[in-house]
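Novice: One structure, as structure tokens, below. Some questions next.
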Amino acid sequence: MAIAAQTLMTDTAELELSIVVPTFNERANVRELLDRLHAVLPSTVFEVVFVDDDSPDGTADVIRQIARTAPLVRVIQRIGRRGLASAGLEGMLSSSAPYIAIMDADLQHDESVLPVMIEKIRSGQYDLVVGSRNVQGGGMGAFARERVALSQLGRRISQLVSQCELSDPMSGFFILTRDFFNQVMRRTTGVGFKILLDLVASSPHPVRVAEVPYVFRTRQHGESKLDINVGVEYLYLISDKLVGTWLPLRFVVFCLVGFAGVAVHLGVLWLLYRRMDFSFSAALIAAIIVAMVGNFALNNVLTYRDRRRRGWRLVTGLLLFCAACSVGSVSNYAVAKFLVASGIWWPLASLCGLAIASVWNFGATGIVIWGPPQRTTLPDGRSAST
């Protein structure tokens, strides 16, 4: 088999290329991908670094079995962490090669264009060579118009933060130099699935880019990872590049969720108090509860999506959230009721109570429900919060 052919190439040849392949439930594609890579790169000394997010289908075990006879195949199995971008970054950090490629394991990226991409990156004229579906000769294959439209929308949005003109900023198929990666790695966000835009938006200077056309293939095995979370995390990445220098993006998202909670709170209060003739006290208690549950759900999905609670942990998280927020809720109730009794307009009284409660809620729930900031060790030994 072609995989075994690399075992004799490592004694005298110097490693030139690391191909980093993030995986999740790609067991059926691993061997086929490796065979295809060796078929198109017979004269290139390369390693393949799979970064597996603890796939339930045993992807990591298959890779380890292969690696016993193919020393230039490695796997990094991540426990409790997910996301293509962060997986790609970890794989690149583990590499010592002068050139690093990123591609998917689902066989949708056309490996036959890799020799052209490698030739361009070897020239020294470029920091980055991107496989593009949006230049002449490339294409989205048989994908639906809706997915093509989403890709084009993502391209337009990316122009807000990109340090270069990319025809396909949503591409997950590219090669970059080690020097370029070293310049940007500490500036990256590592969020979601679109690592290419993260890299170019993190560059302190314009990026020298070449693009090579390829046609996106249809997945043969496994399931697509594309869902609503991909879009949300893409917007999260864009927002971080726009405001993250001045404010932690998690705090910004928490505030936005809080504003949504204010709208829900006032809406429920108005409905019960003004339209359904509930007493102000009863309406206020109901509004607090509804807003609290809504804020927990949105914070779990958006603010702390990387530490999201699921299953029974979602239920216990809600109970802990309500308990942690109880102090703020009591303050909210007491302040608002006092101000209304003093003749203050009821919406203003309610907003004053919410402002006091929000200070407590942000600090308490972030620690009690979703845990303190995770620490990631950088190559120079420093640690960074996430």
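The values are calculated or read from the model by the stated rules, or taken from the named source; none is laboratory data. This is a predicted model, so every value here is computed, not measured. We place every Cβ from the backbone using ideal geometry, glycine too, and count neighbours over all the protein chains shown. Note: areas computed on protein heavy atoms with side chains; ligands, DNA, RNA excluded. Shrake-Rupley method; radii C 1.70, N 1.55, O 1.52, S 1.80 Å.
Novice: Could the peptides 256-269, 126-139 be put in order, highest first, of the mean number of other beta-carbon atoms found within 10 Å of their residues?
Specialist: Values: 256-269: 18.0, 126-139: 20.5.
Order by mean packing, descending: 126-139, 256-269.
Novice: Let me ask something else. For the pair V301 and L271, how long in nm is the line joining their label points, each one 7 Å along Cα→Cβ?
Specialist: 1.7
Novice: Label-point separation (nm) for R81 and Q136, each offset 7 Å from Cα along Cα-to-Cβ?
Specialist: 4.3
Novice: With a point put 7 Å past each Cα toward its Cβ, work out how far S112 is from A282 in nm, to one decimal.
Specialist: 7.3
Novice: Can you give the accessible area of C255 in Å² (nearest 10), computed on protein heavy atoms with a 1.4 Å probe?
Specialist: Spelled out: C255, probe radius 1.4 Å, area about 40 Å².
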